[in-house]
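Chemist: The structure that follows is given in the form of structure tokens.
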Amino acid sequence: IQHFMLKTKYNYDVSVFEQTLARLAGFFPQTEIKVVFIPSPLSSYNLVSQKVSYRGYMEFENLEKVAVIKRRHAELCEAIRGISLVRKVSFLNTTKSLRKAASQEFMHGPVDWDHFNKAGYEALSTYIAETFLKSGAGVRTDNCVY
């Protein structure tokens, strides 16, 4: 099997995802697989400043340009989407719906800013259910524009 993209520009190694999807499809050949792309906490909000401060790996604080965060998000989304297309499985990008919900209330925190809170999980699950439980949904391939 030829790999779609082992590493992206920002060194996201997507080969593990690619191999896992291939094994999943091989192990469950009669199962309809759906990939749901969930944005990072920073990509879930409309950031209005040019730079943002965030806690990164190992609890180190980072300062990054918002434009870089947007490019990283788009690149990772496109890589996952591309692998999904090659495998002929549905790809649902939840970024737009979560950003819309996040414009009304926080989807993360206040206890844990790295993961959804109740409102975040409700917004995510509602969008997934509305999308995939419709009759005749078929294979869905969202784009990565948000």
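The values are calculated or read from the model by the stated rules, or taken from the named source; none is laboratory data. Everything quoted here is computed from the prediction, not taken from an experiment. Quick reminder, even Gly has a Cβ in these numbers, built from the backbone with ideal geometry, and neighbours come from all protein chains shown. For accessibility, only protein heavy atoms count, side chains too; no ligands or nucleic acids. Shrake-Rupley method; radii C 1.70, N 1.55, O 1.52, S 1.80 Å.
Chemist: Between Ser49 and Tyr121, what length in nm is gained on full extension when 0.36 nm per residue of separation is reduced by their alpha carbon distance?
Modeler: Extra length from Ser49 to Tyr121 when fully extended: 23.3 nm.
Chemist: Can you tell me the length gained on complete extension of the stretch Lys100 to Val139, counting 0.36 nm per residue apart and subtracting the Cα distance? Walk me through the numbers on the way to the answer.
Modeler: Working: separation 39, 0.36 × 39 = 14.04 nm, distance 2.39 nm.
Gain in length upon complete extension: 11.6 nm.
Chemist: Taking the Cα of Ala22, stepping 7 Å toward and past its beta carbon, and measuring to each backbone N in segment 63-100: which are under 15 Å?
Modeler: 83-88
Chemist: Report in % the part of the accessible area of segment 11-146 that belongs to carbon and sulfur, leaving out ligands and nucleic acids; probe 1.4 Å.
Modeler: The C+S portion of the solvent-accessible surface of segment 11-146 is 57 percent.
Chemist: When a/c is below 1.5 the answer is rounded, else prolate if a/b is larger than b/c, else oblate, so apply that to segment 42-134 with a ≥ b ≥ c taken from the square roots of the Cα gyration tensor eigenvalues. Walk me through the intermediate numbers first.
Modeler: Values: a/c = 2.02, a/b = 1.28, b/c = 1.58.
The shape class here is oblate.
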